[in-house]
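J.: Below is one structure. I have some questions about it.
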Amino acid sequence: MSSEELDLALEAIVQSGGDRTASDLDVAKLGEEAIKNSPDTKKPFLLNNLGNACHTRFEQLGLLPDLERAIAFQQQAVDLTGDGDMAKPSLLNDLGISLQHRFQRLGELADINKAIDILSCAVDSTPDGDYNKGTWLINLGLALQTRFDCIGKLPDVERAIDFMQQALSLIPDGHADKPAQFNNLGIALQSRFKRHGELADVQQAIAFLQQAVELTADENTRKPAHLNNLGNAFQSRFELLGELSDLDKAISCMQHAVKLTPDGRTDKSIWINNLGIYFHSRFEFSKECSDLDKAIDFKKQAVKLTPDDHIGKPTRLTTLGDALQSRFEQLNEPQDLEQAIYFIQQAIDLTPDLNGKKPRWLTNLGISFWSRFHHFREPADLDKSISAHQQALEFTLDDSPNRPALFTNLGLSLKTRFQCFGDIKDVTKAIAAFQQAADCTTESDLNKATSFTSLGLALQIQFQHLGKLADIDRAIGAYQKAVELTLADRFQKSVRLTALGTCFENRFRHSGELTDIEQAIDAYQKTVKYTLDGDSNKPAYLTNFGLALQRRYEHLGEFTDLEKSISAHHCAVNIATDHIGKHLFLNNLGISLLSRYERLGELADLAEAIGLMEQAVGLTPDGHAGKAAQLSNLGLALQRRFVRLKELSDVDQGIRFLQQAVKLGRGSSLNSLGQAFLSRFEHLGVLTDLDHAIRFLQQAVHLTSETVHASSFHNLGTAHLRRFERFNAPDDLNQAIVFMQQAVELTPDGHATKALRLNTLGKVVQLRFEHLADSSDRLHALNAFRAASIASHGDPYFQLDSAIQWASLCSDPDLALQAYERLFQLIPQVVWLGKTVGRRYEELLEIGHAVNEAVAMAISVGNFARAIEWVETGRGVVWGQIIQLRSPSDLLQRQHPDIAEKLEEIARGLENARAASWSKSSSPYTVALSSTGEREAHIHSKLAGNYDKLVKEIRDLEGFGSFLKPKQLSDLAPAACNSPVIILTYTGAIALLPPHADILYIPLPSLSKKQCQELHSKLTSSLTDLNVCVGRNGDRLKPKTTARHSENIGTKEFQSILAVLWLNVVEPILSALGLLHRNSNNYLSHITWCATGTLAFLPLHAAGIYGSADSEQSVKTSDFVVSSYTTTLGALINSGLKSQGNLIQKPRVLIISQPETPDMPPLPGTCEEAELIQQYTFPDDTLHLSHDKATVEAVMKEMSKHEIVHLACHGIQESSNPLDSSFALYDGALQLKALMGLSLHNTKLAVLSACQTATGEETLPEEAVHLAAGMLTVGYPSVIATMWSIEDEVAPRVIAELYARLFGKKWNHGDREKRKVYLGSAYALHEAVNLLREEVGEMNFVKWVPFVHFGADSSVPFNNGP
C-alpha cells in the first residue's frame, strides 16, 4: 500500500468517527510499514492519522493496546514536528486527548498531568482568532476537570470553567459542537458545586445541561452522556434542597440514557450505575424498599458490565457495597452486610494507592466493619474498622478536604472500642482524632461544629473516668465552639447546648463554682428556647433545665429557683403524654415538690410529690437503671410525711422502698434508709431501729460523694445523739459532736445546708455544755449558731433559730443585741410573702416569744428606740405585709412612675391571691396545676418572687435605699402626734408622747410574763363561768339563768383580774403620765394601747377597782382616759393619715343586719339596732341591707361606696385558719381574706356589732388575728368591735348611744351649755359604754367590758344631723 493510499484510508476512518468494520480498521494496521517508506515531511501527518485510527478503534472496542499504539504514534508525530509548524497545536491536542483517555482507563496521575501540559501548549501556540482555538480550550478544560475529579484540587475546576466559558463564547449558535460545550461547562459547574455547595453553581449547571440535551437529537450518540450529566445535576440539587421532584427528574434522565444506549457500548454501564445511585437516594428519602432493591439490581448490572481494569470499577463496587449496607440496616439480613464488605474490599484492591478515591473506599469499609461489630459483637471487626479508617488517613493528602471526616470516623470507632472494652488509651486516641478533625476543618465548613461536638463528648468521657478538670475544661471549650458555629440548625443547636449544659453541671459538681451551675442553667434555658413545640426531645430539655435550677436551689436556697424548677418539670410532664421517659419526668417533678414542702411546709406539696413518685415507680419496668433512684425518692418522701403526720404506715412503706433501692445497688440510699429507721425509733422507741439506723448510716459515710458524705455524717451524728438521750452515755454525745463537725466541714461555705448543719452542731455542743459546764463548749456552740445565722445562703428558718440560740448564749448584752438584730432581719424571710397566709401564721408561732425576749433585752440596756422598732417589726407581721402592699411610696410614684405602677400591679395580685389553708387535702393529686388552690398557690409564690426582685431593684435606685425596710423610730413618731401611745411589754411600758413622740419608759416591777398568762387564763375561766365563752360559732348571748355559785365565782374572778390590771399596769402608767386626775370640765385625754404577748387579750380599758362600798375607793381607767387599741404603730399611722383627709359633710352609712341567718341562731335584736341607727343618720345617705338582701356580693359591692359600715350579725373567729374568720351573711361568710381584695379609699368607721370581732387567736398573741384588725388593714381607720360574745338585747342600747353621739344628737354628759358636740368614734363609744355600765351595773362586766375601739379617734365634722 502506497503512502497516498494509506493516507486516504486513514482519513476516511477518522472522518467516519470510527464507524467502520474491522476490515477497514485492519487497513490502519497494515499501513504501519508503509509509513516507514514515506518522506519525512509527510510522516508526522501519517503517524498522527494512524494514531487517531487506533484511538477510534479503542473507543469502539475498548481494547487497551489500541490506545497504547495511538499514544505512541501521536507522540512520534509531535516529536517530528517543529514548534513553529502550524500543524503542531492539532497534533498536541490529539495526543493530550489520548493521554486523558488512558488516565481515565488506568488512573495513572502521570497521564493526566502530561495531558494537561500538552493541551496547554496546544492552546498557547494557537493564535487568537484561529478557528480551532475554541476546541483546544474545551479539551484543556476537560482534562483539568478530569484531574479535579481525581485529586480534588480546586484551582483545576476553576481553570476548567474559565477555559470552557472562553470556548463557548467562540462557538456560534447552531454549531454542531455547541451542545457538547454546554454539556462540558455544565459538568464543570457541577463539580465546583460539589466542593462549595453554592446553589448558583448547580442552577447554572442544570441550565447548561438542559440546553445540551435539548439541542441534541436522540439519534446522536452523545445524547445519553448529556442525559447522564443532567441527571447528576438534578441529583446534586436534590441533595441540597431536598425536593423529591429533582430526584424523580434525575431517574427519568438516566432511564432515557439507558434506553438510548445500545448494548455493548462501554458507557452503558455508567448510566446503569448512576440509575442505581439515584434509586438508592430515593430510598433514603422515602424509605421505600422497592427503590433500594432496584438500586442494588442496577448497581450489580453495572459492576458486571465493567472490566476490572476500568477506572470506574472501584467506584461502582463501592456504591454497590453502600446499597447493600443500607439494605442490611433496613432488613438486618447478614448476607447483605457480608456482600457489602466483599464488594468494598474488591474496590480497594483494584484502586492504586495514589488514587484520591481510595480513602473513601477504605472509609466505607471501616463503616461496614463497624456495623458488623454491632451486629455480631466480634472484637476483630472493630479492630478492622479502626485499621481501615487509619489507612484512609494514610492515603489522604494533608490538604484534602476529606481529612476532617476521616479523623471523625476514626475517632468514633476508637470511642466505640473504649466504651466496649474500657481501654483508656482508645478514648485518648479518639480525642486526638477529633481534635485533628476540628483543626483541619475550615471555619465555613458546616461539619466543623460536628467535629467540636465529637471532641467534647470524648473529653467528657475521659473526665468521667480520670476525673481531671483539664478534660472537662477542654470539653466545655469544644462545646462552646460547636454552639457558636451552629447557626440555622435548631435541632443540632439544642443538642449541643444540652451537652454544654451537662459539662458545666459536671464541673459544678466537681468544683462547686457557682458560675458553672449558672452557665448550665443558661445553656439549658436556651435549649428549651430553640426547641420547637412538638419536638419529642422538649420534655427532656425542660427536665434538664428544671434539675439544674433545683441544684442551684439546693446550693443557694433561692426560692425563685425552686419555683422555676417546678414550673419546668410541670411543663415536661404535661407535654410528655406518651413519652418513653415519662416516669423520669414524674419523678423529677416529685423531687422539686418535695423540696418546696421542706421549704414552705405545705402538706399539699408533699402529698402531690408522693403521688407523682408512686406513678413514676409504677411506670418504670423492673430492671430499668432508674428504678432504684425512684424507689429511694419515694421512700424518702414517705419518711418526710411520717415525720409530719406520724402515720406509722408511711415510715414502714418508706423503709421497704429504701431497702429495695439499696438491694438494687443504690448505695446513696443508705443515708435515707438510716434516716427512716431513725425516724421510726424516735416515734416508737424500739432500739433495733436505732441500731439499724446507725449501721446503715455508718455504711453511708463511706460513699465517695461529698454531698452525700456530709448528709450521712450529719444523720449519723443525730442517731448517736438519740442514743445519748436514751442511755445518757457520754461517748454517744461526743460521737454525735464529732460526726456533726465533720458534716459541717464537708459542707462548702455558701451551700444551702450549711446553716442547718451548723445549727444542729450548735445544739449538740450546747447540750454537752449543759451537762459538763465546760465554757469552751458554750463558746463553740455560740460560734456555730452565729455562723449559721449569718450564712450567706440557707433555709431562713434554721438561720433564725440560730440567731435566737446565739442570743440566748450571749453573756454580753451588746452581743445579744447583735444576735437579735439578725433575728429581725430574718423574720421577713421566714414569714415570706410567697407562703400562704396560713403557713406564715404557723411560722410565727415560734417567733413571738423570741421577739418579746429581744424587746426585753433592748429595754434592759436602756435602748428604748430599738425596743420600739423591734416591737413594730416583730408584731402584726402578716397585717404589716398586707398594709405594705397597700402603701406605695408617693416619692416612687413621682420619680419613677413606671416602676411604681409595676409594683402596684404585683402588689394587687398578691393581695388578691388566695390565702390557702394549710389543712390536709383529701382530693386526688393530679400532675398538672389543675386544682384552683394549687394553681393559685403557684401564682402566689411566683408573684412574691417578682415582688421581692422588684423591691431589690428599687432599693438600688438613688434615694431609695431604705424602701420598704423596717421602720425607724423617726418613721414611727407620727403615731403619737395627737395622743400618747403606750407600748406595753411584760417588763414595762414605753410611752410615746405627743407632739414629737418623746420616749418615757415606765417600769412595771409588779408585772411578769407568768402573771399575764395567769390573768388571761383566769379571764377565760371567768367568762366560761359567766356563760360567755361557750364556743366560737358567733352566737350572741341570750339571757340565761346560771347557777348563782358559778356566776359569783366568775364575777369575783373578773373583778380581781381588773384590779390586778389597774394596780400593776394601768395605774402606774397613768401616774407616770400625770393623768390620774379628774378633769373639772369632764374632758378626758385619749390614750392608745399597743399591748404585746398575752397582755393583748386583757381589757386594759376596763382596769380598775370595782365593787367597793366606798365610792372614793372605786377607780377605773375610764375615769381618767378614753382608750383605744392598735395592733401596731404602723396601723395607727395609716389610720391617722386616712382620718385626716377627705373631710365629708354628710357621711354615707351602710347598715347590715341579719336577724335570721340560715343555719344559725336568730338575732332579732339586729332589726331594732338598725332602726335605732337610722334615727340619727341622714336618710338619703343611708342604705340598709337586711336578711336576704345582705348577700356577700351585695355587701362587698356597697362597702366601697359608704364611709361607715355597720355589721349587726354573727361574727366567727376561725382558729384553724385565722383568715377564714368572717361575718355571717345570708348566703355565706364574708371572710377576711375576701375583704383583703377590696379597695376602700374613703372609709372612716366600721362598727362590728358582731360577736368576738376583737377576740384574737390565743396561739398568736403578737399577730392580732381578728376581724377588727382585718378591718383596719383593709382600709377602715377606726373600728368598733367586741372582745367576746355580747347579748342580743344589749347591743342596740350601746349602738343607739354611739350613733347619737357620732351624729350630734346627744349632748356631752355634764355639758351645762347643752350644745351639740360631734364626738369621734373612741369618745362616742366611751360615753355609750359609760351609760350602759350605769344601766346594767358596773359589776356586770360581761355586758359592758367587751366593747372596744381600734385605730385613730377621728371625728368627722358632721355639720348637720337630721
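Quick grid of which residues meet (1) surrounded by fewer than 23 Cβ atoms within 10 Å (Cβ to Cβ); (2) among the hydroxyl-bearing types (S, T, Y); (3) modelled with pLDDT of 90 or more:
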| position | (1), (2), (3) |
| --- | --- |
| A205 | no, no, yes |
| Q210 | yes, no, yes |
| E214 | yes, no, yes |
| A233 | no, no, yes |
| R265 | yes, no, no |
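J.: Within the stretch 523-536, can you find the residues that are more than 16 Å from the chain's Cα centre (by Cα) and polar (S, T, N, Q)?
T.: Selection gives S536 alone.
J.: Quick one: is K223 free of Cβ contacts under 8 Å to residues at least 12 places away in the same chain, surrounded by fewer than 22 Cβ atoms within 10 Å (Cβ to Cβ) and not small (G, A, S)?
T.: Taking the combined requirement at face value, the residue does not satisfy it.
J.: From the residues in the stretch 732-775 that are farther than 13 Å from H714 by Cα and at pLDDT below 90, which one is most open to solvent (accessible area, probe 1.4 Å)?
T.: D749
J.: Considering only the stretch 131-139, I want to know if a residue exists there that is open to solvent by 70 Å² or more (accessible area, probe 1.4 Å), polar (S, T, N, Q), under 22 Å from T216 (Cα atoms) and outside any loop (DSSP other than H, G, I, E, B).
T.: Step one: list which residues in the stretch 131-139 are open to solvent by 70 Å² or more (accessible area, probe 1.4 Å), which gives 131.
With polar (S, T, N, Q) added as a condition, the list becomes none.
Scanning the stretch 131-139 turns up no residue that is open to solvent by 70 Å² or more (accessible area, probe 1.4 Å), polar (S, T, N, Q), under 22 Å from T216 (Cα atoms) and outside any loop (DSSP other than H, G, I, E, B).
J.: Is it the case, given these coordinates, that A405 is part of a helix (DSSP H, G or I), of a type in the set (G, A, S) and open to solvent by 40 Å² or more (accessible area, probe 1.4 Å)?
T.: yes
J.: What about N220, is it in a helix (DSSP H, G or I) and either under 60 Å from the mean Cα position of the chain (by Cα) or not charged (D, E, K, R) (or both)?
T.: In short, no.
Matching residues to (1) within 19 Å of D898 (Cα to Cα); (2) modelled with pLDDT of 90 or more:
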site	(1), (2)
Y947	yes, no
K965	no, no
D971	no, no
C977	no, no
I990	no, yes
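J.: Another one. Is it the case that some residue within the stretch 1209-1224 is at pLDDT 90 or above, farther than 20 Å from A1269 by Cβ and open to solvent by less than 20 Å² (accessible area, probe 1.4 Å)?
T.: Within the stretch 1209-1224, none of the residues are at pLDDT 90 or above, farther than 20 Å from A1269 by Cβ and open to solvent by less than 20 Å² (accessible area, probe 1.4 Å).
J.: Could you identify the single residue in D291, D248 that is open to solvent by 20 Å² or more (accessible area, probe 1.4 Å) and either touching a strand residue (DSSP E or B) at 6+ places or on another chain (Cβ under 8 Å) or part of a helix (DSSP H, G or I) (or both)?
T.: Result of the check over D291, D248: D248.
J.: Next up: Which of the residues spanning the stretch 104-118 are open to solvent by less than 20 Å² (accessible area, probe 1.4 Å) and either small (G, A, S) or over 21 Å from P89 (Cβ atoms) (or both)?
T.: G107, A115
J.: May I ask you to list pairs of residues, at least six apart or on different chains, whose Cβ atoms are under 7 Å apart, with the first in the stretch 714-742 being closer than 19 Å to S672 by Cβ and the second being open to solvent by 70 Å² or more (accessible area, probe 1.4 Å) and not aromatic (F, W, Y)?
T.: That search, which allows pairs on different chains as well, returns L716/Q698; H720/Q735; R722/E682.
J.: Pairs under 8 Å by beta carbon, first residue assigned to a helix (DSSP H, G or I) in the stretch 1286-1303, partner of a type in the set (K, R), six or more apart or different chains?
T.: So the pair list comes out as V1290/K1343; A1291/R1036; E1297/K1306; Y1299/K1305; A1300/K1306.
J.: Consider R222 carefully, then state whether it is basic (K, R) and modelled with pLDDT of 90 or more.
T.: No; evaluated as a whole, the condition is false for this residue.
J.: Might you let me know whether the stretch 580-600 holds any residue that is out of contact with any Ser or Thr (no Cβ under 9 Å at 6 or more places or on another chain), closer than 30 Å to A755 by Cβ, of a type outside the set (K, R) and outside any helix (DSSP H, G or I)?
T.: So far as the stretch 580-600 goes, no, none of its residues is out of contact with any Ser or Thr (no Cβ under 9 Å at 6 or more places or on another chain), closer than 30 Å to A755 by Cβ, of a type outside the set (K, R) and outside any helix (DSSP H, G or I).
J.: Which of the residues that make up the stretch 375-391 are under 13 Å from C420 (Cα atoms), open to solvent by less than 80 Å² (accessible area, probe 1.4 Å) and more than 43 Å from the chain's Cα centre (by Cα)?
T.: Passing the criteria: P379, A380, D381, D383.
J.: Hey, another quick one. Tally the residues that are among the aliphatic types (A, V, I, L, M) and open to solvent by 40 Å² or more (accessible area, probe 1.4 Å), restricting the search to the stretch 140-161. Even if it seems obvious, please write down each step before you answer.
T.: So the first thing to find is which residues in the stretch 140-161 are among the aliphatic types (A, V, I, L, M), and the list is 140, 142-144, 151, 154, 157, 160-161.
Subset that is open to solvent by 40 Å² or more (accessible area, probe 1.4 Å): 142, 151, 154.
Number of matching residues: 3.
J.: Within the stretch 1031-1041, can one find any residue that is of a type outside the set (G, A, S), open to solvent by 40 Å² or more (accessible area, probe 1.4 Å) and modelled with pLDDT of 80 or more?
T.: no
J.: Also, I was wondering about something else. Could you list, in sequence order, the residues of the stretch 1077-1093 that are open to solvent by 20 Å² or more (accessible area, probe 1.4 Å) and at pLDDT below 90?
T.: Those that are open to solvent by 20 Å² or more (accessible area, probe 1.4 Å) and at pLDDT below 90: H1077, R1078, N1079, S1080, N1081, N1082, Y1083, L1084.
J.: Let me ask you something else. Within the stretch 332-347, which residues are open to solvent by 80 Å² or more (accessible area, probe 1.4 Å) and more than 15 Å from D381 (Cα to Cα)?
T.: N332, Q335
J.: Can you report the number of residues in the stretch 526-545 which are touching a helix residue (DSSP H, G or I) at 6+ places or on another chain (Cβ under 6 Å) and open to solvent by 50 Å² or more (accessible area, probe 1.4 Å)?
T.: The qualifying residues number 2.
J.: What's the number of the only condition in (1) open to solvent by less than 20 Å² (accessible area, probe 1.4 Å); (2) of a type outside the set (S, T, N, Q); (3) touching a His at 6+ places or on another chain (Cβ under 9 Å) that D218 fails to meet?
T.: So the condition that D218 fails would be (1).
J.: For the stretch 417-429, indicate whether the set of residues that are of a type in the set (G, A, S) and open to solvent by 10 Å² or more (accessible area, probe 1.4 Å) is non-empty. I'd like the intermediate steps shown before the answer.
T.: Of the residues in the stretch 417-429, the ones of a type in the set (G, A, S) are 422.
Still in the list and also open to solvent by 10 Å² or more (accessible area, probe 1.4 Å): 422.
Checking the stretch 417-429: at least one residue is of a type in the set (G, A, S) and open to solvent by 10 Å² or more (accessible area, probe 1.4 Å).
J.: Pairs, please: C-beta under 6 Å, at least 6 apart or cross-chain, first residue on the phi < 0 side of the Ramachandran plot and in the stretch 646-667, second open to solvent by 40 Å² or more (accessible area, probe 1.4 Å)?
T.: That search, which allows pairs on different chains as well, returns D650/R641; V651/R680; G667/L703.
J.: Which one is most open to solvent (accessible area, probe 1.4 Å) among residues in the stretch 994-1006 that are free of Cβ contacts under 8 Å to residues at least 60 places away in the same chain and under 55 Å from the mean Cα position of the chain (by Cα)?
T.: Here the answer is H996.
J.: Which count do you get for residues in the stretch 121-130 that are farther than 18 Å from A77 by Cβ and open to solvent by 20 Å² or more (accessible area, probe 1.4 Å)?
T.: Number satisfying all stated conditions: 5.
J.: Return a yes/no flag: does the stretch 860-880 have any residue that is at pLDDT 75 or above, among the aliphatic types (A, V, I, L, M), assigned to a loop (DSSP other than H, G, I, E, B) and more than 36 Å from the chain's Cα centre (by Cα).
T.: Yes - at least one qualifying residue is present in the stretch 860-880.
J.: Sticking with this structure for a sec: Residues to consider are S269, S286, S290, S281; find the one that is free of Cβ contacts under 8 Å to residues at least 24 places away in the same chain, under 30 Å from V213 (Cβ atoms) and among the polar types (S, T, N, Q).
T.: Only one candidate qualifies: S290.
The values are calculated or read from the model by the stated rules, or taken from the named source; none is laboratory data. Computed from a predicted model, the values in this text were never measured in an experiment. Because the Cβ atoms are built from the backbone with ideal geometry, glycine has one as well, and the counts that use them run over all protein chains shown. Surface accessibility is based on the protein's heavy atoms, side chains included, excluding ligands, DNA and RNA. Shrake-Rupley method; radii C 1.70, N 1.55, O 1.52, S 1.80 Å.
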